[in-house]
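Enquirer: What follows is a single structure, and I will ask about it in a moment.
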Amino acid sequence: MKRIYLIISALLFVGLFSANSQSYKIIVNQSNSIGSISIKEASDLFLKKKTKWANGSPVLPVDLSASSKVRSDLSQYIHKKNTSAIRSYWQQAAFSGTASAPPEKASDNEVIEYVKKNPGAIGYVSESATTTGVNIVSIK
């Protein structure tokens, strides 16, 4: 019985450790000098609740595909909701005419290219992605 308890405790510890480690990087266009944002601000930017950067330019969020593990991790950490709940949020926003969902890209490279081409863009990619040509934003 003690051995089972130790195994379960170890698994829970590993699960908690990996849940807290980020599997993604938030990125912005090189012209954007923002270095860090709060979790709430990140959520507001990705959900289009905040639509302008400090310089007045429009915020252009981009998502990875709904099936992406990176998107799932970001949604849980930033929005405190799963990907399905975020998709539902966008469906309701589209139905009410208040907003449309950000474009979805199939890969890290596509997100990086979108962010490079759009000065107001904000996106996220896997931790292992090469992010040459974009700025990385930390969460404070």
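Computed from the coordinates by the stated procedures, all read-outs in this text should not be read as laboratory data. As the structure is a prediction and not an experimental result, all values here were calculated from the model. Every residue, glycine as well, gets a Cβ built from its backbone with ideal geometry; the counts of neighbours run over all protein chains shown.
Enquirer: So who's got an amide H within less than 5 Å of the one on Y24, skipping anything under 5 residues away but keeping other chains? H placed 1.01 Å off N, in plane.
Expert: The list, which skips near neighbours in sequence, is E127.
Enquirer: If I model a spin label at A99 and S65 as a point 7 Å from the Cα along the Cα→Cβ vector, what separation in nanometres do I get?
Expert: Placing both labels 7 Å beyond Cα along the Cβ direction yields 2.4 nm.
Enquirer: Distance cut-off 20 Å, Cα to Cα: go down the list K50/K140; K25/K140; K52/K116; K116/K140 and report the pairs above it.
Expert: K116/K140
Enquirer: For the chain, modelled as a GNM with alpha-carbon contacts under 10 angstrom, which of G123, G35, G56 fluctuates the most?
Expert: Of the options given, G56 has the highest mean-square fluctuation.
Enquirer: When the dipole is taken about the Cα centre of the chain, and only Lys, Arg (+1) and Asp, Glu (-1) are charged at their Cβ, what size is it in debye, to the nearest 20?
Expert: 400
Enquirer: How large is the convex hull of the Cα atoms of the stretch 22-139 per residue, expressed in Å³ as a whole number?
Expert: Expressed per residue, the convex hull around the Cα atoms of the stretch 22-139 is 92 Å³.
Enquirer: Given the C-alpha centroids of the stretch 68-134 and the stretch 27-49, what is the distance between them in whole angstrom?
Expert: 12
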